[in-house]
Amino acid sequence: MSGLIVLIIIIISILWNYSNKLPDYKFLKMYKPAVSSKLYSGGGELVSDFSSEKRIFVPYDSIPKILINSFLSAEDKNFFFHPGVDAKGIVRAFINNISNIIYSKRLEGASTITQQVAKNFLLTNEVSINRKIKEAILAFRIERALSKQRILELYLNQIYLGEGSYGIASASLQYFDKPISKLDYAEASLLAALPKAPSKYNPYKNVELAKHRRNLVINNLFENSYINEDRYRKLIKTEINLSKRKKKYLEDARYYVEDVRKHLVDKYGFEKIYKQGFTIKTPINLNLQSIATQSLREGLEKYDKRKGWRGPLTNKKISKNWEKNLEKYKLEKTINWDLAIIKRISKFSAEIETENKKKGIIRYQDVSWTKKELNKIFKIGDIVYVKSLKDNLFTLKQVPKANGGIVVLNPYTGRVLAMSGGFSFKLSEFNRATQALRQPGSAFKPFVYALALENNFTPSSLVLDAPIVLDQGEDLKMWKPENYGKKFYGPSTIRTGVEKSRNLMTVRIAQEIGINKITNFAKSLNIYDNPEELLSISLGSAETTLLKLTTAYCSFVNGGKLIKPIFFDRIQDSEGNTIFSSEKRICKKCKEISYLGEEIPKIENNFLQVFSEETAYQITSILEGAVKRGTARGLKDLNLDLAGKTGTTNDNTDAWFVGFTSNLVIGIYIGHDDPKSLGKYETGSKTAMPIFKSFIKKAVKKGDARPFKVAKNIKFLVIDQKTGKKADFRSKTTIIEAFKKNDLLKDFTNNDNLNLKIDENNILKFY
């Protein structure tokens with residue numbers, strides 16, 4: 001008797017000792033596990049998620065019985081009946097383990113779901129008696145503090161189920177691409193089979209083992225009377241059908257997603273974005289994004305081909321596993337290129353083997369752009385990029401040495417509909433659309449001319465196009481700007497100056513209106529931050545980003561309003577509360593219960609008016625002329641209402657094109673990351689504009705490119721294109737010019753030199 005008392009005292013002492021050293025479990029009452037933040041497109045498609053653990057939290061009441069039954073059958077069939085520790089299960093495991101020890105089999109555990117919650121939340125994975133004792137004590141305490149439903153809720157949302165998925169909801173999407181409400185018993189049983197060893201029973205890697213383990217769960221379901229015998233026999237025979245969730249065009253949107261991620265982390269912090277389950281709605285249009293990325297890549301490739309072949313990626317000895325250790329050369333799947341090894345070379349073809357062990361040939365005619373014979377291009381064992389043409393025919397590819405960016409904006413809201421910052425995010429995460437500071441060259445000129453139109457100039461005002469030498473100030477060299485082609489054309493209209501991109505005219509205008517006005521104007525449009533007040537800025541010598549310049553061009557379309565680029569429309573927390581909205585416009589009468597017909601609800605923006613609506617239209621009209629007659633006339637054959645401006649910097653270092661329709665503004669930049677010449681004749685019109693053209697062809701239909709809206713106080717007059725005067729019978733070339741009503745009267749009335757008289761027949765009216 002005394003011995004029993006001593007034993008009881010020892011047991012109580014041990015338990016007391018462990019009890020005093022246990023972690024606090026009370027936080028589990030209010031605990032919320034780390035939940036992924038989801039990023040959605042403007043159309044509601046899932047684009048990406050930000051997570052430390054991929055998890056979607058599901059409350060107990062929303063968990064289907066099928067899943068609960070499956071996990072109980074797999075892990076703890078007496079869960080609703082034991083106090084935290086299953087005594088029967090311990091005895092059963094003890095007896096079975098005697099046999100397992102004899103036959104050198106893996107020992108059987110007897111942990112309940114409550115014990116697993118204790119281990120997962122409060123303890124380590126250490127295999128020891130100490131941990132098991134702590135686990136049991138904590139299990140009893142948790143059972144007293146929490147309901148069975150809450151314990152099961154914590155368990156099913158916390159457990160790791162392989163493939164980077166935590167919790168049942170995330171795993172359901174990862175393995176079956178469906179919500180848990182759509183799962184059947186065969187699928188639920190597979191998920192219930194995974195906690196025991198997620199890697200070992202991963203159906204993507206070990207389908208037979210996974211099926212075996214799943215069938216054990218199905219057998220338990222039958223033994224526990226959750227399913228009948230007929231159902232059991234059908235389920236046992238069911239094959240595992242997996243469907244991994246696909247993120248729409250994710251690879252094409254990597255630059256966009258990364259920019260959004262950085263903005264969010266800066267604004268809210270890493271912990272909130274990665275653990276608190278935000279819902280982030282972005283303006284990205286996945287169709288436009290795919291087209292933009294594809295157009296940029298194609299344009300960079302075309303440019304690169306003009307520069308010739310630079311050689312293979314590396315050279316390897318031909319072997320069975322030659323494709324190993326080539327991870328650094330892997331590209332996005334959407335680029336559609338394969339790595340290949342050159343196995344044999346003849347006069348007119350080269351035999352290859354792709355990384356997927358597909359054999360094929362590269363014909364001489366498919367690599368004619370290299371301007372070299374095949375034996376001068378390849379050596380046996382060369383590793384190169386190839387793209388399949390048809391059957392066993394492939395063409396040679398190489399990653400462009402130059403890079404670039406493309407941005408697509410809604411000009412009325414600033415919503416960024418698409419953006420790509422380079423050829424391949426895998427090769428370089430540097431975003432040339434938002435991070436690269438480059439000189440815009442002539443792409444800046446429309447803003448100089450817009451300011452001129454705000455300061456008593458008209459589109460038909462004459463400006464001298466002739467040589468000029470300027471003193472830029474102390475310690476600075478004399479500056480002698482030149483036109484592209486080094487020609488001079490004498491007095492020319494403002495319109496001609498923009499359409500033909502005349503440097504000397506632009507400099508003279510800058511002199512006239514004052515460089516301080518130009519720099520202040522550029523700052524007000526957020527093109528530049530603090531540019532130097534040099535006349536060369538009028539020709540785009542200061543540095544900016546593609547996104548900033550493209551955003552500024554939106555002001556021409558929207559009537560002179562300043563907008564800011566928007567990368568996310570709305571952000572909601574895990575409770576569905578809106579914590580951020582980009583919508584700042586005012587909607588009058590939108591909150592009315594019913595419409596009585598007195599006044600239609602109207603959305604009014606409160607964007608800053610940077611320059612007049614009339615000036616905005618005049619520049620738009622002039623840039624339409626650049627498409628019809630000027631540096632952008634390569635777009636004329638599209639037969640769409642388009643406007644745009646090319647830009648090329650000194651030595652052809654940077655090539656730009658910013659163009660627009662009535663509802664889209666698209667900016668393109670091409671250049672080297674380490675700035676250097678793109679090559680002779682590689683101008684904005686030759687290098688950047690074809691990318692815009694490719695995008696427009698695929699993205700814009702005839703009905704989408706409506707005529708540009710004419711400002712209220714604009715009048716149209718038939719003008720002699722060369723002289724800028726009112727056209728008469730002697731005029732050889734005429735143009736319909738847009739004038740501000742007041743400027744029209746000022747320029748063409750009471751002008752003794754011109755001796756012109758305005759008549760109604762010469763003023764065109766548009767309705």
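The values are calculated or read from the model by the stated rules, or taken from the named source; none is laboratory data. Worth saying up front: this structure is predicted, and the values here are computed from it rather than measured. Cβ coordinates were reconstructed from backbone atoms using ideal geometry, including for glycine residues, and neighbour counts include every protein chain displayed.
Would you confirm whether or not the stretch 623-638 contains a residue that is over 28 Å from LYS722 (Cβ atoms) and basic (Lys, Arg)?
So far as the stretch 623-638 goes, no, none of its residues is over 28 Å from LYS722 (Cβ atoms) and basic (Lys, Arg).
Quick check on my filter: what residues within the stretch 300-322 are more than 20 Å from LEU374 (Cα to Cα) and not in a helix (DSSP H, G or I)?
Once the filter is applied, which keeps residues that are more than 20 Å from LEU374 (Cα to Cα) and not in a helix (DSSP H, G or I), the stretch 300-322 yields SER319, LYS320, ASN321, TRP322.
If you check LYS376 against the conditions, is it loosely packed, with under 12 Cβ neighbours inside 10 Å and assigned to a loop (DSSP other than H, G, I, E, B)?
So LYS376 fails the test.
Taking the conditions exactly as written (touching a Lys or Arg at 6+ places or on another chain (Cβ under 6 Å) and either under 22 Å from LEU409 (Cα atoms) or charged (D, E, K, R) (or both)), does SER685 satisfy them or not?
Spelling it out, it is not the case that SER685 is touching a Lys or Arg at 6+ places or on another chain (Cβ under 6 Å) and either under 22 Å from LEU409 (Cα atoms) or charged (D, E, K, R) (or both).
Within the stretch 697-709, can you find the residues that are of a type outside the set (Gly, Ala, Ser), touching a residue at least 24 places away in the same chain (Cβ under 8 Å) and out of contact with any helix residue (DSSP H, G or I) (no Cβ under 6 Å at 6 or more places or on another chain)? Let's see the steps before the verdict.
Just the residues of the stretch 697-709 that are of a type outside the set (Gly, Ala, Ser), to begin with: 697-698, 700-702, 704, 706-709.
After this cut, where a residue has to be touching a residue at least 24 places away in the same chain (Cβ under 8 Å) as well, the list is 697-698, 700, 702, 704, 706-709.
Passing the criteria: LYS697, VAL700, LYS702, ASP704, ARG706, PRO707, LYS709.
Go through the residues of the stretch 571-589 one by one and say whether even a single one is under 30 Å from SER461 (Cβ atoms) and either of a type in the set (A, V, I, L, M, F, W, C) or in contact with a His (Cβ under 6 Å, 6 or more places away or on another chain) (or both).
no
Within the stretch 385-403, restricting attention to residues that are part of a strand (DSSP E or B) and without any contact (Cβ under 8 Å) to a residue 60 or more places away in the chain, which residue is nearest to ILE335 (Cα to Cα)? Before the answer, list the steps.
Keep residues of the stretch 385-403 that are part of a strand (DSSP E or B), which gives 385-390, 393-397, 403.
Those left that are additionally without any contact (Cβ under 8 Å) to a residue 60 or more places away in the chain: 386-390, 393-395.
Numbers: VAL386: 11, LYS387: 9, SER388: 12, LEU389: 14, LYS390: 16, LEU393: 18, PHE394: 15, THR395: 14 Å.
Out of the qualifying residues, it is LYS387.
Just wondering, is there one or more residues in the stretch 217-229 that are in a loop (DSSP other than H, G, I, E, B) and of a type in the set (Phe, Trp, Tyr)?
Yes - at least one qualifying residue is present in the stretch 217-229.
Condition test on GLU223, is it more than 35 Å from the chain's Cα centre (by Cα), of a type in the set (Asp, Glu) and over 23 Å from THR112 (Cα atoms)?
No; evaluated as a whole, the condition is false for this residue.
Which condition does ILE691 not pass, out of (1) crowded, with 23+ Cβ neighbours inside 10 Å; (2) out of contact with any Leu (no Cβ under 7 Å at 6 or more places or on another chain); (3) in the same structural domain as SER501 (by TED's automatic domain parsing), if it passes all the others?
Unmet condition: (2).
Kindly list the number of the only condition in (1) in contact with a strand residue (DSSP E or B) (Cβ under 6 Å, 6 or more places away or on another chain); (2) in a helix (DSSP H, G or I) that fails for VAL448.
(1)
If you scan the stretch 231-240, which residues turn out to be part of a loop (DSSP other than H, G, I, E, B) and surrounded by 11 or more Cβ atoms within 10 Å (Cβ to Cβ)?
THR238, ILE240
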